[in-house]
Amino acid sequence: MAKHRRRGWPEAPEPLPGTVVDNHTHLPVLGDDGDPAVDDDVALPPGEAPLTTAEQLTRAAAAGVARVLTVGCDVPNLAGTLALARAHPPIAAALGIHPNEAPLHGGVREVGPDGLEPAVRPHHTLSFDDAFARVAALARDERVVAVGESGLDYYRTGPQGRVHQRAAFRAHIALAKELGKPLQIHDRDAHADVVATLLADGAPERTVFHCFSGDAELAAVLAEHGWYASFAGPVTFGANETLRAALRALPPELVLVETDAPYLTPAPFRGHPNAPYVMPLTVRRIAAELGRDVAETCALLTATTDAVYGTW
Ligand SMILES: [Zn+2]
């Protein structure tokens, strides 16, 4: 009989020799009982407790992850995400309506190309305009340092949803420009249409491809326009040589780092939950690919983060 492998929190990695910022994570919005306040898939194994926000920040700081940018991208998480940023100095927020939420607000209920039923929840009775109005109101807060994540996801959204997704993406582009804040882009299997939409509407001055998943060709497009690429755990996965080639092809001053926790845990902890304190594994791999030492890479990544989002 196969031995049961416990998929708990990864052990703490060796601390970094400098500090970095997690450019994109999803810290759970916890209720008074310490459980997620929102019925959300925090991607924890059964029986595994979420870390409290204080524990998240303590572990992150010990690893060299001094600050985090947490993303609230559905209606139930917007206000709670901003509240986290207001309550904890190391946390800033990004707010948006996720590209896979937009079709649900538009009444689309199709099974996606990934074969999954859409997860319809009570807040989807709100129209997209009403949902987005909440983003627009909250995103004016100074603790909100970016708009997003928004973009296109042709992995999860089928043909009926795409028109809603594109309209939502355009609304986020316009809001980022109106507020003078950076835009975090979600691009899954949709590189060409994401680039075309940005060029048609005019990209915000600071545009970040969160969890960049392109090749050297897309990296060249980003370099041409001065758009940023934020790398997550997949850059450490053995099979992702194409992604690492894209990283090496980018001007280093356009490179950012993130966890996208609780998803995309870096090697060797794939299948375990992710958290900002695990990010040193990704930072070290970026340093190796850039051919720079780790301390220098930390300083470079932090300077780029501050150039995009300001400091908090
Ligand atoms: Zn995300």
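Which ones in region 56-100 are charged (D, E, K, R) and touching a helix residue (DSSP H, G or I) at 6+ places or on another chain (Cβ under 9 Å)?
The answer is R59, R67, D74.
Please verify whether region 164-174 includes one or more residues that are more than 20 Å from the chain's Cα centre (by Cα) and buried (at least 17 other Cβ atoms within 10 Å of the Cβ).
yes
Report the residue count in region 197-231 for those that are under 21 Å from the mean Cα position of the chain (by Cα) and farther than 15 Å from L250 by Cβ.
Residues that pass the stated criteria total 6.
I'm checking my understanding of the structure. Among residues of region 36-59 that are among the acidic types (D, E) and within 15 Å of P273 (Cβ to Cβ), which one is modelled with the highest pLDDT?
It comes out as E55.
Any chance you could count how many residues in region 51-72 are more than 16 Å from the ligand (Cβ to nearest atom) and either among the polar types (S, T, N, Q) or surrounded by fewer than 20 Cβ atoms within 10 Å (Cβ to Cβ) (or both)?
Result for region 51-72: 9.
If you check every pair at least six apart or on different chains, which have Cβ atoms under 8 Å apart with a residue in region 170-188 that is on the phi > 0 side of the Ramachandran plot first and a residue that is surrounded by fewer than 24 Cβ atoms within 10 Å (Cβ to Cβ) second?
G180/E205
Right, A133: free of Cβ contacts under 8 Å to residues at least 40 places away in the same chain, closer than 19 Å to T305 by Cβ and either small (G, A, S) or in contact with a helix residue (DSSP H, G or I) (Cβ under 7 Å, 6 or more places away or on another chain) (or both) or not?
Spelling it out, it is not the case that A133 is free of Cβ contacts under 8 Å to residues at least 40 places away in the same chain, closer than 19 Å to T305 by Cβ and either small (G, A, S) or in contact with a helix residue (DSSP H, G or I) (Cβ under 7 Å, 6 or more places away or on another chain) (or both).
Name every residue in region 256-273 that is more than 10 Å from the ligand (Cβ to nearest atom), part of a loop (DSSP other than H, G, I, E, B) and surrounded by 24 or more Cβ atoms within 10 Å (Cβ to Cβ), in order of residue number.
The answer is T265, P266.
Which of the following residues is modelled with pLDDT of 95 or more, over 22 Å from L264 (Cα atoms), charged (D, E, K, R) and not in a helix (DSSP H, G or I): E217, E205, E224?
Of E217, E205, E224, the one residue that is modelled with pLDDT of 95 or more, over 22 Å from L264 (Cα atoms), charged (D, E, K, R) and not in a helix (DSSP H, G or I) is E205.
Being on the phi > 0 side of the Ramachandran plot and touching a residue at least 24 places away in the same chain (Cβ under 8 Å) is true for just one of L300, L281, L264. Which residue is that?
Selected residue: L264, the only one of L300, L281, L264 that is on the phi > 0 side of the Ramachandran plot and touching a residue at least 24 places away in the same chain (Cβ under 8 Å).
Give me the pairs, please: first residue somewhere in region 64-77 and within 12 Å of L138 (Cβ to Cβ), second residue anywhere and within 15 Å of the ligand (Cβ to nearest atom) and assigned to a helix (DSSP H, G or I), beta-carbon distance under 8 Å, and either six or more positions apart or on two chains.
Short answer, once both residue conditions are applied: G72/L78; G72/T81.
Evaluate the following for G214: is it closer than 15 Å to V71 by Cα and in contact with a helix residue (DSSP H, G or I) (Cβ under 7 Å, 6 or more places away or on another chain)?
The answer is no for G214.
I'd like the full set of residues that are away from the ligand (no atom under 16 Å from the Cβ) and over 21 Å from A192 (Cβ atoms), limited to region 210-253.
Hits for region 210-253 are T236, F237, G238, A239, E241, R244, R248, P251, P252, E253.
Condition check: of a type in the set (D, E, K, R), buried (at least 24 other Cβ atoms within 10 Å of the Cβ) and either in a helix (DSSP H, G or I) or at pLDDT 95 or above (or both). Does E149 satisfy that?
yes
Conditions first: (1) touching a Lys or Arg at 6+ places or on another chain (Cβ under 9 Å); (2) farther than 26 Å from I173 by Cα. D74 passes all but one, so which condition is the exception?
Only one criterion in (1) touching a Lys or Arg at 6+ places or on another chain (Cβ under 9 Å); (2) farther than 26 Å from I173 by Cα is unmet by D74, namely (2).
For region 3-35, enumerate the residues that are assigned to a loop (DSSP other than H, G, I, E, B), more than 16 Å from the ligand (Cβ to nearest atom) and at pLDDT 80 or above.
Once the filter is applied, which keeps residues that are assigned to a loop (DSSP other than H, G, I, E, B), more than 16 Å from the ligand (Cβ to nearest atom) and at pLDDT 80 or above, region 3-35 yields G8, W9, P10, E11, A12, P13, E14, P15, L16, P17, G18, T19.
The values are calculated or read from the model by the stated rules, or taken from the named source; none is laboratory data. Values in this document were obtained by computation on a predicted structure and should not be read as measured data. We place every Cβ from the backbone using ideal geometry, glycine too, and count neighbours over all the protein chains shown.
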